[in-house]
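Worksheet: the structure to be examined is printed underneath.
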Amino acid sequence: MRESILACGEARRVLPNLVVDTTVLPPADRFEFWYALIAQETAPAHISSGHLDNFVAYAQAIDLGRVRMTSLRYPSLDSVRPAKLVRRTEGDVYQLALPLTGRSTLIQDRTESMLEAGNHFTLLDTARPHVARHSADGPGLAHTITVQIPHASLPLAPDRVRRLLATPLPSHLGVGGLLAHHLRSIAAHPEQYQPAQAEVLGGVALDLLAAALAQYLDVEDTLSPEARQTALRARVVDFIDRHLGSDELSPRSVAAAHHMSLRSLHRLFEGEATTVAELIRSKRLEQCRRDLANPLLRQPIHAVAARWGFREKAHFSRLFRARYGRSPQAYRATVTRRDR
């Protein structure tokens, strides 16, 4: 059983997380073991499935300070959390559900909705009964990200939030899209973050969630200045990501696109580790590095650089060497030899 869990902590300098893979267990033991983690990390519920005799599933729980995120992959199942089970547990916790694949139907407080994977997320209140039905696409597994959020950590009145329980909210556009991107990035590559960043990552998730809900409820003026700034920074970074290949991208064009002065834009990033200009340059260099490492993309180096906004070959080479410790040519050659 010890083989089925990999605990990652400070010693490995990555986010504290717990991984469960049921396939290392005998088929008859798989569901019970997976359910034990789910009951601990999300909320206890009665689960039924046509795959209980051989429950192939995976789970990764990631500690983000005030909130805890779980990435789940599992076969089709129905989950019921009745009032009797709710009374046995303690604490008021919201559960954000972000389906990435499959189909999900959720019912709470007489609201029933179907979430489209990649387009919707919603909130459930684990202090209230609810029903969830998840169906995988074909023979594959459903994939969902959940986040456990104490009521006290969300800066919105519970009676307002209750109006949105089990309501489909957009996860592909607006602030909801930024929230989904943030959570998916952490779930996909938790190893790129250090333990000291957990609290910051959780705080960003909370601010983006609060901003998305407040926008939907039309109560954005009730948010703290910090939450509004976090949401605005996320919009700016998303804009930069979508326009990296544009020759027009610059701090001035970013400020204009967000209807603010250049000084206000710089002030927005004062507490960050990088300026807007450095952020643009860093993201462009990383795109160049990825293209140079792609064995299927054999464009000349100057064409790769130009694609991401670097028009002067010598200037690009100096920046690339300063960032990655070798010239673009040497980097591509090293990657090519390693992959042979």
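The values are calculated or read from the model by the stated rules, or taken from the named source; none is laboratory data. Fair warning: this is a prediction, and the values are worked out from it, not measured in the lab. Because the Cβ atoms are built from the backbone with ideal geometry, glycine has one as well, and the counts that use them run over all protein chains shown. For the accessible areas, the whole protein counts, side chains as well, though only heavy atoms, and no ligand, DNA or RNA atoms are used. Shrake-Rupley method; radii C 1.70, N 1.55, O 1.52, S 1.80 Å.
Scanning the stretch 19-41 for residues that are without any contact (Cβ under 8 Å) to a residue 60 or more places away in the chain, open to solvent by less than 40 Å² (accessible area, probe 1.4 Å) and closer than 20 Å to V67 by Cα gives V20, L37, I38, A39. Criterion applied to R340, R323 was being under 22 Å from I240 (Cα atoms) and modelled with pLDDT under 95, and the one residue passing it is R323. Selection of the stretch 278-317 for residues being more than 30 Å from the chain's Cα centre (by Cα), among the small types (G, A, S) and surrounded by 13 or more Cβ atoms within 10 Å (Cβ to Cβ) yields A306, S317.
Touching a helix residue (DSSP H, G or I) at 6+ places or on another chain (Cβ under 9 Å) and open to solvent by 40 Å² or more (accessible area, probe 1.4 Å): does that describe R267? Working first, answer last.
Values: touching a helix residue (DSSP H, G or I) at 6+ places or on another chain (Cβ under 9 Å): no; open to solvent by 40 Å² or more (accessible area, probe 1.4 Å): yes.
Answer is no for this residue.
This table checks each residue for (1) open to solvent by less than 70 Å² (accessible area, probe 1.4 Å); (2) not in a strand (DSSP E or B).
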{"site": "A43", "(1), (2)": "yes, yes"}
{"site": "R73", "(1), (2)": "no, no"}
{"site": "V86", "(1), (2)": "yes, yes"}
{"site": "S113", "(1), (2)": "yes, no"}
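How do the helices (runs of 4 or more DSSP H) wholly within the stretch 142-256 filter down when requiring 1 or more residues that are more than 15 Å from the chain's Cα centre (by Cα), modelled with pLDDT under 95 and not small (G, A, S): which remain? Before the answer, list the steps.
Details: elements: 158-162, 174-188, 198-217, 225-242.
It comes to 158-162, 198-217, 225-242.
Restricting the stretch 115-166 to residues that are surrounded by fewer than 16 Cβ atoms within 10 Å (Cβ to Cβ) and in contact with a Gly (Cβ under 6 Å, 6 or more places away or on another chain), the residue that is nearest to A43 (Cα to Cα) is S135. Within the stretch 322-337, restricting attention to residues that are open to solvent by 60 Å² or more (accessible area, probe 1.4 Å) and either over 31 Å from the mean Cα position of the chain (by Cα) or of a type in the set (F, W, Y) (or both), which residue is farthest from S250 (Cα to Cα)? Of everything passing the filter in the stretch 322-337, R337 is farthest from S250 (Cα to Cα). In summary, L183 fulfils each of the numbered conditions (1) within 14 Å of Y216 (Cβ to Cβ); (2) among the aliphatic types (A, V, I, L, M); (3) buried (at least 16 other Cβ atoms within 10 Å of the Cβ) with the single exception of condition (1). Would you confirm whether or not the stretch 202-218 contains a residue that is within 27 Å of V14 (Cβ to Cβ) and open to solvent by 70 Å² or more (accessible area, probe 1.4 Å)? Within the stretch 202-218, none of the residues are within 27 Å of V14 (Cβ to Cβ) and open to solvent by 70 Å² or more (accessible area, probe 1.4 Å). As for the stretch 168-189, it holds at least one residue that is free of Cβ contacts under 8 Å to residues at least 12 places away in the same chain and touching a helix residue (DSSP H, G or I) at 6+ places or on another chain (Cβ under 9 Å).
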